[in-house]
Amino acid sequence: GHTLVLVTADHETGGFSLLRGSEPGNLKTGFSSGGHTGNYVPIMAYGPGAEAFGGFMDNTDIFFRIKEALRLHE
């Protein structure tokens, strides 16, 4: 086909964490931040140019790779 399909998230949220005091059957959880983190997001791709995507990426890098795939130049 001629269509590149990308599946990803626009951000990672808060660094989900296990907290101290957790016991078997009673896990205490929380977030390591009150907002978005700089963690990578998962991305899956299918179609022409898919080799430029995959695994985990910095979400800001995804923009530039899409721009390259569309052959857009500044």
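Bear in mind these aren't lab numbers, they're just calculated from the coordinates by the rules spelled out. Nothing here was measured: the structure is a model prediction, and the numbers come from that model. Cβ atoms come from the backbone with ideal geometry, glycine included; neighbour counts cover every protein chain shown.
When the Kirkwood hydrodynamic radius is evaluated over all pairs of different C-alpha atoms of the range 5-69, what value in angstrom, to one decimal, is obtained?
Numbers: mean 1/r = 0.0729 Å⁻¹.
By the Kirkwood definition, the hydrodynamic radius is 13.7 Å.
³J(HN,Hα) across the range 50-63 via Karplus (A = 6.51, B = -1.76, C = 1.60, θ = phi - 60°), whole Hz, x for Gly/Pro?
Couplings: 4, 5, 7, 10, x, x, 10, 9, 5, 4, 6, 6, 4, 3 Hz.
Quote the relative contact order of the chain in percent (integer), defining contacts as alpha-carbon pairs under 8 Å separated by 6+ residues. Mind showing how you got there, number by number?
Numbers: 108 pairs, mean separation 23.5, N = 74.
With pairs under 8 Å counted, the relative contact order is 32 percent.
For Met57, list long-range residues whose amide hydrogen, built 1.01 Å from N in the peptide plane, is under 5 Å from its own amide hydrogen.
Those qualifying (amide H under 5 Å, at least 5 residues apart or on another chain) are Val41, Ile43.
Given 0.36 nm per residue, what is the gain on full extension from Ser17 to Met44 after removing their alpha carbon distance, in nm? Show your work: numbers first, answer last.
Details: separation 27, 0.36 × 27 = 9.72 nm, distance 2.46 nm.
Contour length minus Cα-Cα distance gives 7.3 nm.
Between beta-carbons, use under 10 Å as the cut-off and find the net charge around Asn59, counting Lys and Arg +1, Asp and Glu -1. If you can, show how the numbers build up before the last one.
Working: positive: none; negative: Asp10, Glu12, Asp58, Asp61.
Around Asn59, the charge tally is -4.
Would you tally the net charge around Pro42, using a Cβ to Cβ cut-off of less than 15 Å, leaving Pro42 out, and scoring K and R as +1, D and E as -1?
Surrounding charge for Pro42 is -3.
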